[in-house]
Amino acid sequence: MGWQSIGGSDLRVANIPKGIYKPAWSKYALSVKQTLNSLYADREPTSQDSGWSYLYYQEEQEGKDPESLPSNRAMAECIADGIPIGVLRQKTAKPNVTYQVLGIANVLGKAAGYYLLQSEGQLLKPARNSELGYLVTEGSSVAEISDDMRLFRIRSVVQRQGQPRFRQQLMQLYDKQCAVSRCDVADVLEAAHILPYRGPHTNDLSNGVILRADLHILFDEGLLAIDASSLSVQLAPSILNNRFYSEFQGLELHPSAEKIDPELLRAHRHYCGF
């Protein structure tokens, strides 16, 4: 798959053999694509009010550490430097292979082997003869969460860009209450990110929940999780019988927790490891 730039240079934005495309001249990945018969468990894109998100699985090779593979290192560089990538999904099989271009997405982080891709634009609609080639044919010429899941454990106390507005929106959504304890003391309520903060684009309501400060710490430390199906609290065995927290085990969250992207909750639960 070689999309040439205007002027005829051989500048590719994707490559047939590669799911994650990193050209030799760049330290960054330029695009990812999902094939119909992929060996990886990529998830369906999820539309949101402010755009869409997509969980794309890392490249793996037998006998090799995934973090050592050039494609995964290139994705890590995109995460570190905030470089967006193109996202494509195969729509039709051989002999007339076509790919839908979903759009441009930011690589927010990595959780349980998945890269979290998020775009602030709407999913592009397939249009076979579109001027921009939203649905394109092979050969067309048209212009750390690393198990950086350790990022879950880093809680910055500095002012983050967009954070006050993010907290304000979540406070309104959760009726100025902790989603778990129903505590309504504003001074101890915090806006918790399900997947770590990686810039203002991660301040999406589907990636946040209001938690009491101590519960926020437990959540970030992987000691408290939220079951994606029941939206109930799950405690780590080490605190399951703790007299201060045992009452929360199995407790259903505030109804507004339905706004949270379940795929993000599953990724966080995997990180917690229980």
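Which pairs do you get when a residue that is more than 11 Å from G208 (Cβ to Cβ), found in the stretch 158-176, comes within reach of a residue that is at pLDDT 90 or above and surrounded by fewer than 17 Cβ atoms within 10 Å (Cβ to Cβ), reach meaning Cβ atoms under 6 angstrom, with the pair 6+ apart or on two chains? Hits for this filter: K176/D184. The residues of the stretch 165-188 that are at pLDDT 90 or above and under 17 Å from D220 (Cα atoms), listed by number, are C178, A179, V180, S181. Of the conditions (1) of a type outside the set (V, I, T); (2) outside any strand (DSSP E or B); (3) open to solvent by less than 10 Å² (accessible area, probe 1.4 Å); (4) over 23 Å from Y271 (Cβ atoms), N72 fails just one. Which one is it? Condition not satisfied by N72: (4). Of the residues examined, D214 is not one that is surrounded by fewer than 22 Cβ atoms within 10 Å (Cβ to Cβ) and either modelled with pLDDT of 95 or more or at positive phi (or both). For the stretch 203-251, the set of residues classified as farther than 18 Å from C183 by Cα and either among the acidic types (D, E) or assigned to a helix (DSSP H, G or I) (or both) consists of D204, L205, S206, N207, D220, E221, D227, P237, S238, I239, listed by residue number.
Beta carbons closer than 9 Å, at least 6 apart along the sequence or on distinct chains, pair a first residue in the stretch 27-39 that is open to solvent by less than 90 Å² (accessible area, probe 1.4 Å) with a second that is among the acidic types (D, E) for Y28/E77; Y28/D81; A29/E77; V32/D42; Q34/D42.
The residues of the stretch 251-274 that are open to solvent by 40 Å² or more (accessible area, probe 1.4 Å) and over 25 Å from G113 (Cβ atoms), listed by number, are L251, E252, P255, E258, K259. Scanning the stretch 80-121 for residues that are under 11 Å from the mean Cα position of the chain (by Cα) and either closer than 13 Å to A29 by Cβ or of a type in the set (F, W, Y) (or both) returns A105, N106, V107, K110, Y114, Y115, L117. Of the residues making up the stretch 166-195, those that are farther than 16 Å from P255 by Cα, in contact with a strand residue (DSSP E or B) (Cβ under 9 Å, 6 or more places away or on another chain), open to solvent by less than 70 Å² (accessible area, probe 1.4 Å) and assigned to a helix (DSSP H, G or I) are F166, V188. Residues that are among the hydroxyl-bearing types (S, T, Y), at pLDDT below 75 and not in a loop (DSSP other than H, G, I, E, B): does the stretch 44-51 have at least one? Yes, the stretch 44-51 contains at least one residue that is among the hydroxyl-bearing types (S, T, Y), at pLDDT below 75 and not in a loop (DSSP other than H, G, I, E, B).
The values are calculated or read from the model by the stated rules, or taken from the named source; none is laboratory data. Everything quoted here is computed from the prediction, not taken from an experiment. As a convention, Cβ positions derive from the backbone with ideal geometry for all residues, glycine included, and neighbour counts pool all protein chains shown. Accessible surface is based on the protein model in full, side chains and every heavy atom, while ligands, DNA and RNA are left aside. Shrake-Rupley method; radii C 1.70, N 1.55, O 1.52, S 1.80 Å.
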